[in-house]
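Student: Quick one: this structure, given as structure tokens, is what I'll be asking you about.
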Amino acid sequence: MSIVTSSTSEFHGGAPGHHEPPEKVDARQRLGVWLLIGADVIVVAALLFTYLYLRGLNTDNHWMTILGYPGKLHTYAEWDNLANNGTLAAPKEIYTGPLSAGLQWLAAAITVVAAAVVWWAEKGLRATKNTKAFSALTLFAVAVTIVGVVISAIQLKDIPQVFVAANDSLTMSYTAYDSAMMALIGSALIHLVVLAFLGLGLSIRAARGAITGDKWYQARLVRLYFVWVGISAVVVTLITTTINTVH
């Protein structure tokens, strides 16, 4: 009976001696985070390749121009009514131009600041074991990240819409540049939402005592991802603000 009880306890992890050491668990989790970052690198690289490819190809000179009607003058319904009434003028070549470089760099700077705060918080936790300070700093990083989410949403809203006549109807379209930027900004927005979620998780777990000066492994995992997103934000912004027009 004792043998059966002991075996059952070991099978379900009841015996403390059969738990994996924290170092082994941490190494496996770090590998998982690095694999996640590696996959993310591929996604971001694919988006940048698409951006550069469309710029280099510039099909029908549609990188920043498109034949249609500016969306900022009328709503879709108004343009559609003009078309149905036969009073719609001939479409014109519309040049949309690059998006605000200032907003792009602001969003990138915010992402870097959030990553720096999380890194600073983790470093302080490991050095001073001050869990309250760590929880407060990660919560501040979440607030900074939320500001980045708002900036990214404003960027998406600022992408100009162009109504294009096709098959006896009007459709909302974008230039090749605006389409590529929509994908890149949308990706950045998703990353910022994920960072806010992770940062909030760190703050809550630290407040509950799940992350302490002796149990800081999860803080390092999240910090690695924060830093990667910060680096990618700078790289993407550098490319899209310096390589945008076609000469």
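The values are calculated or read from the model by the stated rules, or taken from the named source; none is laboratory data. The model shown is predicted, which means the values in this text are computed figures rather than measured ones. Ideal geometry is used to build each Cβ from the backbone, glycine not excepted, and the neighbour counts take in all protein chains shown.
Student: What is the residue count in segment 101-118 for residues that are polar (S, T, N, Q) and loosely packed, with under 14 Cβ neighbours inside 10 Å?
Tutor: Total meeting the criteria: 0.
Student: Moving on. Just a yes or no: is a residue in segment 76-89 assigned to a loop (DSSP other than H, G, I, E, B), at pLDDT 75 or above and farther than 24 Å from residue 185 by Cβ?
Tutor: yes
Student: If you take the residues in segment 16-33 that are exposed (fewer than 13 other Cβ atoms within 10 Å of the Cβ) and touching a helix residue (DSSP H, G or I) at 6+ places or on another chain (Cβ under 8 Å), which one is modelled with the highest pLDDT?
Tutor: The selected residue is 25.
Student: Give the residue, chosen from 183, 196, 206, 219, that is in a helix (DSSP H, G or I), crowded, with 17+ Cβ neighbours inside 10 Å, within 19 Å of the chain's Cα centre (by Cα) and small (Gly, Ala, Ser).
Tutor: 196
Student: Pairs only if they're at least six apart or on different chains, beta carbon under 6 angstrom, first in segment 169-196 and under 20 Å from residue 230 (Cα atoms), second not in a helix (DSSP H, G or I); list them, first residue then second.
Tutor: 181/99; 182/159
Student: Take the residues of segment 23-40 that are touching a residue at least 12 places away in the same chain (Cβ under 8 Å) and among the aliphatic types (A, V, I, L, M): which is farthest from residue 232 (Cα to Cα)?
Tutor: Once the filter is applied, the top-ranked residue is 25.
Student: Here's something else I'd like to know. Applying the selection to segment 153-192, what residues are in contact with a helix residue (DSSP H, G or I) (Cβ under 8 Å, 6 or more places away or on another chain), farther than 18 Å from residue 97 by Cβ and modelled with pLDDT of 95 or more?
Tutor: 153, 183, 186, 187, 188, 189, 191, 192
Student: On the basis of being within 30 Å of residue 131 (Cβ to Cβ) and in a helix (DSSP H, G or I), does residue 235 make the cut?
Tutor: No.
Student: Taking residue 159 as meeting all but one of (1) crowded, with 18+ Cβ neighbours inside 10 Å; (2) touching an Asp or Glu at 6+ places or on another chain (Cβ under 8 Å); (3) β-branched (Val, Ile, Thr), write down the number of the exception.
Tutor: (1)
Student: Out of segment 79-126, which residues are among the β-branched types (Val, Ile, Thr) and in contact (Cβ under 8 Å) with a residue 60 or more places away in the chain?
Tutor: Residues satisfying the conditions are 94, 96, 111, 112, 118.
Student: Okay, next question. Test residue 152 against the stated conditions and say whether it is under 30 Å from residue 78 (Cβ atoms), assigned to a helix (DSSP H, G or I) and either hydroxyl-bearing (Ser, Thr, Tyr) or in contact (Cβ under 8 Å) with a residue 60 or more places away in the chain (or both).
Tutor: Judged against the criteria, residue 152 is a match.
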